[in-house]
There are 2 protein chains.
Amino acid sequence: MTDILKGLKLVEISAFIAAPLAGLSLAQMGAEVIRIDQRGGGPDAARWPLSPEGESLYWQGLNKAKRSVQLDLRHEDGQRTARALVQDAGMLVTNRPDTGWLDYDRLREHRPDLIMLAIRGTHDGRGAIDYTIQARTGLPFLTGRARADAPVNQMLPAWDAVCGLLAASGLLAAERRRRETGMGGLIELSLEDCALWMLGNLGMLAEAELGPARQPTGNDVFGAFGSDFATRDGRRVMVAALSNRQWHALTEATGTTDAMDHLARAFDVDLTTDAGRWTAREPIKLRLAQWFSARDHASVAATLTRHRVLWGPYQTITELVRDDPTCSEANPLFARVAQPGAGAYLTPGIPLDFGTPRSPASRQAHPQGADTDDVLSRLRPLFAQS
Amino acid sequence: MTDILKGLKLVEISAFIAAPLAGLSLAQMGAEVIRIDQRGGGPDAARWPLSPEGESLYWQGLNKAKRSVQLDLRHEDGQRTARALVQDAGMLVTNRPDTGWLDYDRLREHRPDLIMLAIRGTHDGRGAIDYTIQARTGLPFLTGRARADAPVNQMLPAWDAVCGLLAASGLLAAERRRRETGMGGLIELSLEDCALWMLGNLGMLAEAELGPARQPTGNDVFGAFGSDFATRDGRRVMVAALSNRQWHALTEATGTTDAMDHLARAFDVDLTTDAGRWTAREPIKLRLAQWFSARDHASVAATLTRHRVLWGPYQTITELVRDDPTCSEANPLFARVAQPGAGAYLTPGIPLDFGTPRSPASRQAHPQGADTDDVLSRLRPLFAQS
């Protein structure tokens, strides 16, 4: 049972992805996480996708392993109870406006060592969500066959994911400091800053500042060898080589080792380097495409796997869930769990494998609001009166 | 100074994105992180993008705030020294094959409470990188104007980011347990599992299993209102409304409140719900497009901002770095830092704001290998001989 974080308590007053993901990460590692929502459901209570019965699969996915409490946060009674729960737990993550009843200074009056992590859209108070930040980052002009008049958004709310996971680390780091010094604190984190940080970490901000602007490269892996190919039967695969070992595996699997030597001479490039493979990517792709287009997917898959080439099949999500063994109970990440109002479906635990089985509780979403009475009945009288 | 993690020590034997990002997150919060590479540089030592002088901006971006040590890991001497550094630190993150000299059981011989986090491609030993996993997730068939014969990869290696950040939380969680129980442990984490976990968290696996398959929706936000619009002068903006407050802000800003009432009646939908706005998104977009296409970007920006509409401008990375105040030293995330062999450029600290200025050291990349002598000279004799 993954109870690594046994004894850690966190209250989440949250909605959507980032803040709930922070709580989810800690809850699936064994922390006691109480999510508080407005009575009747917060703004993401019915967020799509829905189960055939109309339950939010999105809400369930992001709130596994947590207790769910609903209070009337629009009135003083509910706010006072929420504050008491926060003070009892000593740790809060929120993406609500942290003013008024949720102001840090007010919360810490009864809990001076409170750790509070507040997620905002931007560092300077502008509103923002993942999709509006995506537009700003420039990535939609580098994606697929984007044109200047038709930028392409990525489907995955990746900035929400980065923000929520960084928040989880921030909470654990702050709790470590509290154990050492007794000090809590307010931690502020902006979604937009998370995006800028990652662009900086990947060298993309410096590249834009110092160098020639990067051009869109379709599905090619920038600065190395990676591309997608069609097989004879109309499937597609993604293939990559980021090292000489991987490159040799690819040319051996496809019987193109000699051909690549000739290409290197024809184009005067060194194909033992990333830079050379990147420079000569168009002729390389033309040559490899001959091999892929002459074979069916099954044969391509078997040969690439046998040679330990880095590759993956393109498939739809439906195909992933229906046909791919990695997305099934054959992978210990998953169990089929009956979720409220949705029946049983494949549900992941935390990907971190601490060497013990993931606990059933870590995959279970509770019905929205179901823990309200139980959690309030356990609230310590000291805090209930504050 | 952000030294929240003061006293935490970590060795990283790593390359590329995920493992280095785990170390970066902890290093920028004040942990002492030593990255060990092969003498002469690891496989990502020259990874693109490069500075005009030829230094890897990618390597620098992912290895700020760390000490950089190079050893000859192909020979026993170097391996022994690396092992001693790991045993001294008591904590390791790696994405190298963790067999032979880097086997967990061998490493913990001299350090029984060692925490080791090993990042793999997949849970069952297949090779994989972000790009090959992307293909498998199904997202490239839902991105932009993807067709069945032309899937669209996302530019951001988002699965690497999720994996690296989850690894950081896993290390902190394991260290918390070690403080409580004295126990270390091997933690295994697969990049592919991280992707499957996030798809599950967003409800997308359950949707594919239970419901009708999701169709591509271009730049629209699934299940709510969000879309991109062209302005009269040929710019584009992303606009969204995930709540009634945001929806009212949008219709008031664009003077379409009455028009939307009529649309609701014409199409018999309830535009006070996400579901209604999603169902009627095409007529809504047609009506809003009239407003956007009749105005220049500057006027659109001013009006949307005044009404607190959720929106963002599409811009290139070059425009982001050159023109956007949020990506400048006006944002405390950033400072302009002289980096080795690249001159000064805008460099982010950790987005987590603990209320104290980010330290200059947290933004500084060291020259590759520059800390080798110093780090080895401080290695405790006990470990140096092991």
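The values are calculated or read from the model by the stated rules, or taken from the named source; none is laboratory data. It should be emphasised that the depicted structure is a prediction, and the values quoted were computed from it without experimental measurement. Cβ atoms come from the backbone with ideal geometry, glycine included; neighbour counts cover every protein chain shown.
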I'm trying to understand the selection: among the residues of segment B:323-355, which are more than 9 Å from chain A (Cβ to nearest Cβ) and either buried (at least 22 other Cβ atoms within 10 Å of the Cβ) or part of a strand (DSSP E or B) (or both)? B:Ala335, B:Arg336, B:Val337, B:Ala338, B:Ala344
I'd like to check something: does segment A:320-331 contain any residue that is farther than 12 Å from B:Asp193 by Cα and either touching a residue at least 24 places away in the same chain (Cβ under 8 Å) or of a type in the set (S, T, N, Q) (or both)? yes
Across segment A:210-223, what is the number of residues that are of a type in the set (S, T, N, Q) and within 7 Å of chain B (Cβ to nearest Cβ)? 1
Being charged (D, E, K, R), at pLDDT 95 or above and more than 30 Å from A:Ser56 (Cβ to Cβ) narrows it down to one of A:Glu282, A:Glu329, so name that one. A:Glu282
Among the residues of segment A:28-71, which ones are facing chain B (nearest Cβ under 7 Å) and of a type in the set (Lys, Arg)? A:Arg47
Determine whether B:Gln60 is part of a helix (DSSP H, G or I), of a type in the set (S, T, N, Q) and in contact with a Phe, Trp or Tyr (Cβ under 8 Å, 6 or more places away or on another chain). no
State yes or no: is A:Asp98 over 30 Å from B:Thr303 (Cβ atoms) and within 14 Å of another protein chain (Cβ to nearest Cβ)? no
Tally of residues being in contact with a Ser or Thr (Cβ under 6 Å, 6 or more places away or on another chain) and surrounded by fewer than 22 Cβ atoms within 10 Å (Cβ to Cβ) across segment B:19-67: 2
Given the structure, is A:Leu250 in contact with a strand residue (DSSP E or B) (Cβ under 8 Å, 6 or more places away or on another chain), of a type outside the set (Val, Ile, Thr) and more than 9 Å from every other protein chain (Cβ to nearest Cβ)? yes
Count - residues of segment A:65-103 that are of a type in the set (Lys, Arg) and within 17 Å of A:Ala19 (Cβ to Cβ): 3
Can you name every residue in segment A:186-209 that is under 25 Å from A:Tyr104 (Cα atoms), at the interface with another protein chain (Cβ under 7 Å from one of its Cβ atoms) and either without any contact (Cβ under 8 Å) to a residue 40 or more places away in the chain or surrounded by 24 or more Cβ atoms within 10 Å (Cβ to Cβ) (or both)? A:Leu189, A:Ser190, A:Glu192, A:Asp193, A:Cys194
Subset of segment A:244-284, residues in contact (Cβ under 8 Å) with a residue 60 or more places away in the chain and basic (Lys, Arg), comes to A:Arg281
Exclusive hit being more than 7 Å from chain A (Cβ to nearest Cβ) and outside any helix (DSSP H, G or I), set B:Met183, B:Met155: B:Met183
Does segment A:225-240 contain any residue that is without any contact (Cβ under 8 Å) to a residue 40 or more places away in the chain, more than 7 Å from every other protein chain (Cβ to nearest Cβ) and of a type in the set (S, T, N, Q)? no
Looking at (1) among the polar types (S, T, N, Q); (2) part of a loop (DSSP other than H, G, I, E, B); (3) within 18 Å of A:Thr231 (Cα to Cα); (4) more than 7 Å from every other protein chain (Cβ to nearest Cβ), find the lone condition where A:Gln368 falls short. (3)
Exactly one of these conditions fails for B:Leu310: (1) surrounded by 15 or more Cβ atoms within 10 Å (Cβ to Cβ); (2) within 18 Å of B:Ala253 (Cβ to Cβ); (3) aliphatic (A, V, I, L, M); (4) more than 14 Å from chain A (Cβ to nearest Cβ). Give me its number. (4)
Do we have A:Met238 as crowded, with 20+ Cβ neighbours inside 10 Å, within 27 Å of the chain's Cα centre (by Cα) and closer than 15 Å to B:Arg47 by Cα here? no
Pairs, first in a loop (DSSP other than H, G, I, E, B) in segment B:1-24, second basic (Lys, Arg), C-beta under 7 Å, six or more apart: B:Thr2/B:Arg358; B:Ile4/A:Arg177; B:Leu5/A:Arg176; B:Ser14/B:Arg35
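Yes/no matrix, rows are residues, columns are (1) at negative phi; (2) touching a Pro at 6+ places or on another chain (Cβ under 8 Å); (3) surrounded by 14 or more Cβ atoms within 10 Å (Cβ to Cβ):
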{"position": "B:Gly218", "(1), (2), (3)": "no, no, yes"}
{"position": "B:Arg232", "(1), (2), (3)": "yes, no, no"}
{"position": "B:Leu288", "(1), (2), (3)": "yes, no, yes"}
{"position": "B:Ser293", "(1), (2), (3)": "yes, no, no"}
Quick one: which residue in A:Ala128, A:Ala118, A:Ala174, A:Ala135 is touching a strand residue (DSSP E or B) at 6+ places or on another chain (Cβ under 8 Å) and more than 8 Å from chain B (Cβ to nearest Cβ)? A:Ala118
Residues satisfying the stated conditions in segment B:3-27, i.e. in contact with a Gly (Cβ under 6 Å, 6 or more places away or on another chain) and within 12 Å of another protein chain (Cβ to nearest Cβ): B:Asp3, B:Ile4, B:Leu5, B:Lys6, B:Ala15, B:Ala18, B:Leu21, B:Ala22
Within segment A:150-170, work out how many residues are touching a strand residue (DSSP E or B) at 6+ places or on another chain (Cβ under 9 Å) and either modelled with pLDDT under 95 or not small (Gly, Ala, Ser) (or both). 5
Looking at segment B:25-46 only, could you name the residues that are touching a strand residue (DSSP E or B) at 6+ places or on another chain (Cβ under 9 Å) and in a helix (DSSP H, G or I)? B:Leu26, B:Ala27, B:Gln28
Hey, among the residues in segment B:275-284 that are surrounded by 19 or more Cβ atoms within 10 Å (Cβ to Cβ) and touching a helix residue (DSSP H, G or I) at 6+ places or on another chain (Cβ under 9 Å), which one's nearest to B:Leu242 (Cα to Cα)? B:Arg277
